[in-house]
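Notes to accompany the following structure.
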Amino acid sequence: MLEERYGNPFLIAKAFRDKIDSWPKINPKGSVELQELADFLRSCESAMSQIRGLEVLNDCNENQKILSKLPDWLTSRWNRKVIEIEEETHMFPSFSQFVKFLTREAKIACSPITSLHALKPTERVLEKGSKIRSPGAKVFATSSDGQAVPTNCIFCDKVGHSLQRCRRFMQKTILERVKFVQVRKLCFGCLKSGHRSKDCGERNTCDTCEKGHPTCLHDDRTKEERMSTKPYGSRCSDKPKEKEIEQPQEQANPPSNEATTNRVVQNTVNTHTSTIIPVWLSSVSEPNREVLVYALLDTQSDTTFVLEEAVKALHTKSAPV
């Protein structure tokens, strides 16, 4: 089964050809990259004797596809070689002849003594430092006068506007927009990557409420609506504001399998709040019996838990849910 599924000659030939098709274009000074391509084509040449599907690489059209990956100066040299071979044999050079030519050119380009690769090591270091970005990567370019150059929108992949001005993005619901920003790991203050919103020094100003967030992330819902739709484990942007525990309203028939989250808020502008505080715990059946416990306030949790010994101290009944 393994031989049939993964050792199929057609699949192997397709894997070789797909890798050639997806090979990135080589920089005019990319000596190492040229050598890597030559090494891979030599492996294709070796496999050609066992996999007949690779014989298509001898075709001139396939050779033209590989030439599109090479620098212009190297393409010109191969063009001269092709003319010489055609004048002698009246046939287009074979894939083996092309690999032999490319291997020699890569050897010349990577000579440890006399090549530009060896004579200009500083350019080689800069070349290593510049990473090739994938087609999905989005960057903000800057012109010489310091002004930002319009780039592709990371949502609709169109040029001429940013994510904040994207109409298709604004047509989504606020939950979908927030989810997109979370998945892309963007800052909720400026919609850029690389930092969190609490560390953002370039917060946008909302055109609707004039607060420190992009207009496209403005949320008209009330706090209760946001809390009711907040997914498990998501972050809540509401900061604690009042140093007292809000008591939940009593219901006529409270469900037995529902937990209540108590939130601590604070009226003052001071941002120093406690995450562990002492509270008196009691049950509905015996409200006069109270137990002093420490409460851990976790703003990223949507469920309340209690220790088993605290339940026993309250003399109340419990059931696993």
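Every number here is computed from the coordinates shown, using simple stated rules; none is lab data. Only a predicted model underlies this, so the values are computations on that prediction, with no experimental measurement involved. Reconstructed Cβ throughout: ideal geometry from the backbone, glycine too, with neighbour counts over all protein chains shown.
The 3J(HN,Hα) values that the Karplus relation (6.51, -1.76, 1.60; θ = phi - 60°) gives for the stretch 195-211 are, in residue order, 7, 8, 5, 5, 9, 6, x, 10, 5, 7, 9, 5, 6, 8, 10, 6, 9 Hz. Gly and Pro appear as x. Anything over 31 Å Cα to Cα? Flag those among Lys29/Lys198; Lys65/Lys172; Lys172/Lys198, in the order listed. Those over the limit are Lys29/Lys198; Lys65/Lys172.
Pairs spanning more than 27 Å between alpha-carbon atoms, out of Lys25/Lys107; Lys19/Lys81; Lys19/Lys100; Lys81/Lys107; Lys25/Lys81; Lys69/Lys192: Lys69/Lys192. Rounded to 0.05, the FRET efficiency of the Trp73 and Phe40 pair, given R0 = 22 Å and the Cβ-Cβ distance, is 0.60. As a length-normalised measure over Cα pairs under 8 Å and 6 or more apart, the relative contact order of the stretch 141-217 settles at 18 percent.
Between Ala118 and His195, the modelled labels are 4.6 nm apart [label points 7 Å from Cα along Cα→Cβ]. Averaging Cα coordinates gives a centre for the stretch 1-58 and one for the stretch 294-321; these two points are 61 Å apart. Here is the size of the stretch 2-129 from its Cα atoms: Rg then Dmax, 16.2, 50 Å. Working from label points 7 Å from Cα in the Cα-to-Cβ sense, the Ser283 to Arg168 distance is 5.7 nm. Under the combined filter of DSSP loop state and at most 14 neighbouring Cβ atoms within 10 Å, the stretch 25-126 retains these trypsin sites (Lys or Arg not before Pro): Lys25. Modelled spin labels at Cys110 and Asp220, positioned 7 Å past Cα toward Cβ, are 6.2 nm from each other. For the pair Cys209 and Leu175, a Förster radius of 30 Å applied to the C-beta separation gives a FRET efficiency near 0.95, rounded to the nearest 0.05.
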